[in-house]
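Have a look at the structure below, then the notes.
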Amino acid sequence: VQLQASGGGSVQAGDSLRLSCALSGRTFSGYSMAWFRQSPGKEREFVAGIGLSVSRIYYADSVKARFTISRDDSQNTVYLQMNILKSEDTAVYYCAAHNGPGISYGSSWYDFWGQGTLVTVSS
C-alpha cells in the first residue's frame, strides 16, 4: 500500500486549504483513514478520521467546525478541507490508513502512512 499526500502550502490566517491523500495498491474501501499532524518539537497528533462508513467521522477538538474530512472511494482518495486556518495549524500533515473498520486517536493503530505535506499558516 502506498499513500500519496498533497495539497499543502503557505497561506495566511483565515484562508483555506484542501489536502488530498490517494491510496494505491489495495482496495481503498477496505481502509479506515485518518489525518495526523506534527509540529516541530511536538508529538504527532490526531486531526480527523473517517471510517469505512462516512457516518463514522471524528475530529480533534482543536479543529472541529473548521476542518472536514471526506472520502471518495471511486477515487481512492481521502480529503481534509481546512477552513479558517490559524497559525497553530502549522504542521506537517500525514495521512494514515488502517486495514479494516475503526478509528483510533493513537498513531500505532494505523498500518500505513503517507509521506507528509507541509502546511504553513502565517498570522
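The values are calculated or read from the model by the stated rules, or taken from the named source; none is laboratory data. What you see is a predicted model; the values in this text were computed from it and never measured. Note: ideal-geometry Cβ built from the backbone for every residue, glycine included; neighbour counts use all protein chains shown. In case anyone asks, the SASA skips ligands and DNA or RNA and just uses the protein heavy atoms, side chains included. Shrake-Rupley method; radii C 1.70, N 1.55, O 1.52, S 1.80 Å.
Taken over region 82-101, the criterion of being at negative phi and open to solvent by 60 Å² or more (accessible area, probe 1.4 Å) is satisfied by K86, E88, N99, P101. Residues in region 68-97 that are of a type in the set (S, T, Y) and part of a strand (DSSP E or B): T68, S70, T77, Y79, Y93, Y94.
So which residues in region 11-20 are open to solvent by less than 30 Å² (accessible area, probe 1.4 Å) and either in contact with an Asp or Glu (Cβ under 8 Å, 6 or more places away or on another chain) or among the small types (G, A, S) (or both)? Listed by number, the list holds a single entry, S20. Scanning region 26-42 for residues that are surrounded by 17 or more Cβ atoms within 10 Å (Cβ to Cβ) and small (G, A, S) yields S32, A34. Tallying residues that are over 14 Å from C95 (Cβ atoms) and basic (K, R) within region 1-25 yields 0. Please verify whether L23 is surrounded by fewer than 20 Cβ atoms within 10 Å (Cβ to Cβ), assigned to a strand (DSSP E or B), in contact (Cβ under 8 Å) with a residue 24 or more places away in the chain and not polar (S, T, N, Q), treating the condition exactly as stated. In short, no.
Just a yes or no: is a residue in region 53-67 touching a Leu at 6+ places or on another chain (Cβ under 6 Å), open to solvent by 40 Å² or more (accessible area, probe 1.4 Å) and part of a loop (DSSP other than H, G, I, E, B)? No, region 53-67 contains no residue that is touching a Leu at 6+ places or on another chain (Cβ under 6 Å), open to solvent by 40 Å² or more (accessible area, probe 1.4 Å) and part of a loop (DSSP other than H, G, I, E, B). Among the residues making up region 98-123, those that are in a loop (DSSP other than H, G, I, E, B) and either out of contact with any Gly (no Cβ under 9 Å at 6 or more places or on another chain) or of a type outside the set (F, W, Y) (or both) are P101, G102, I103, S104, G106, Y110, D111, G114, Q115, G116, S123. Out of the residues in region 102-123 that are within 12 Å of V47 (Cα to Cα) and out of contact with any strand residue (DSSP E or B) (no Cβ under 7 Å at 6 or more places or on another chain), state the one that is surrounded by the most Cβ atoms within 10 Å (Cβ to Cβ). Only one residue fits best here, namely S104. Here E45 fulfils each of the conditions (1) under 14 Å from E88 (Cα atoms); (2) more than 11 Å from the chain's Cα centre (by Cα); (3) surrounded by fewer than 17 Cβ atoms within 10 Å (Cβ to Cβ) apart from (2).
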